[in-house]
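One structure is given here, and the rest of the page talks about it.
The values are calculated or read from the model by the stated rules, or taken from the named source; none is laboratory data. On a predicted model such as this, the values are computed, not experimentally measured, just so you know. Every residue, glycine among them, receives a Cβ derived from its backbone with ideal geometry; neighbour counts consider all protein chains shown. Surface accessibility is based on the protein's heavy atoms, side chains included, excluding ligands, DNA and RNA. Shrake-Rupley method; radii C 1.70, N 1.55, O 1.52, S 1.80 Å.
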Amino acid sequence: MRRGSSMNALPKLPSKRASVMKATPLRRASTRASLSEGGSPLPSKCHDIAVNGETVIVAELENRLKLYSVEAGVRLLGTIAKDSAMSCSGTHLTHSSTRGTTFCKLKDKPLILNPLTGIIVRQLSAGHGYTVLCTNDGKVFSWGKGDHGCLGHGETDARQEPQQILSLPFTEIVHVSAAHCHTSLVSSDGEVYMCGSGSKGQLGTGNNSDALTPVALDVSDSAKMACCGGNEGHPFTLILTAAGTVLSSGDAENGKLGIGTKWSKKTFSYIGKSHFKDNRVDKISAGVDHSLALTSNGLVFQWGLITVPLQLKIGTE
């Protein structure tokens, strides 16, 4: 993947379903599918995965790019590189380097976001008009629109600059995810916190109420990461546990929850391990209409309304 490249212009696929996807430019197909299998090797090891609408993004670990991770939002897309080299695309982006400097793309050039100068950023996520990040010492900052409490500050007002979420003073947050109007936070001890819109049960709290500040979920297994996805009308959330299992909650349109139901869920349900061929899942990503999972042996599973109804076999070192 080239720095600053755009992946939006995708040619259409014929209606006939293919059986194998090679390492060629991605093509578009409107296909409803459950977890699919089959695949072929890619030239280098897949380090991370992300989805953005109908685009699948595979990050390759190459010496030339030294790509560390990929984060995709509904309107935002950024990458973080190990050597602090930045790349970005889309409109109004935010991203960070491992040195802790956070950039915000305004108009046509990345600019340093001064309120975060000197703060070391661990990880961040770009949502629909807002941004959330966590620092190396476990603090969480958010800014942008505040609809339904997605910023986690106890109100719905927007924030022009990054502001720390103060309702979790003794909790070290290590992973964040932002979508259209809901946000997930995962702590170092595996607790999951949610805030923002709960319109379709995407917060997993058992109801459809909004949460203006982060609320802790009652999840039996320790969490490794959580991913918020969907759009305004069809939001959902995925959770990856430390044991390598996946849970989902929220809107089930197009099967993106992966649990075989078309009805929304207000609490988190496990996606059966058999769907992943009993492989351990290492990473997950939630898009607008579909979801992805990367297993420990390099297989990528996807489900929901997906662009290419296949499973990728990632080459290993």
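Answer with yes or no whether T98 is among the β-branched types (V, I, T), modelled with pLDDT of 80 or more, open to solvent by 40 Å² or more (accessible area, probe 1.4 Å) and in a loop (DSSP other than H, G, I, E, B).
No.
Inspect the stretch 256-266 for any residue being within 20 Å of H182 (Cα to Cα) and part of a strand (DSSP E or B) and give the result as yes or no.
There is at least one residue in the stretch 256-266 that is within 20 Å of H182 (Cα to Cα) and part of a strand (DSSP E or B).
Of all residues being open to solvent by 50 Å² or more (accessible area, probe 1.4 Å) and in a strand (DSSP E or B) in the stretch 105-144, which is farthest from H182 (Cα to Cα)? Just the residue, please.
K109
Report yes if L247 is touching a strand residue (DSSP E or B) at 6+ places or on another chain (Cβ under 8 Å), crowded, with 24+ Cβ neighbours inside 10 Å and either of a type in the set (V, I, T) or assigned to a loop (DSSP other than H, G, I, E, B) (or both), otherwise no.
Taking the combined requirement at face value, the residue does not satisfy it.
Kindly list, by first and then second residue, each pair from a residue in the stretch 293-304 that is at positive phi to a residue that is open to solvent by 10 Å² or more (accessible area, probe 1.4 Å) and of a type in the set (S, T, Y), limited to pairs with Cβ atoms under 6 Å and residues at least 6 apart or on different chains.
Sorted first by the residue in the stretch 293-304, then by its partner, the pairs are G298/T316.
So that you can scan it fast, the table gives a plain yes or no per residue for (1) open to solvent by less than 30 Å² (accessible area, probe 1.4 Å); (2) over 17 Å from L217 (Cβ atoms):
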| residue | (1), (2) |
| --- | --- |
| L257 | yes, no |
| S274 | no, yes |
| K277 | no, yes |
| R280 | no, yes |
| A286 | yes, no |
| H290 | yes, yes |
| T295 | yes, yes |
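Could you check how many residues of the stretch 195-216 are among the hydrophobic types (A, V, I, L, M, F, W, C) and buried (at least 24 other Cβ atoms within 10 Å of the Cβ)?
Summing the residues that are among the hydrophobic types (A, V, I, L, M, F, W, C) and buried (at least 24 other Cβ atoms within 10 Å of the Cβ) in the stretch 195-216 gives 2.
Which condition does S222 not pass, out of (1) open to solvent by 30 Å² or more (accessible area, probe 1.4 Å); (2) more than 23 Å from L124 (Cβ to Cβ), if it passes all the others?
Result: S222 fails condition (2) only.
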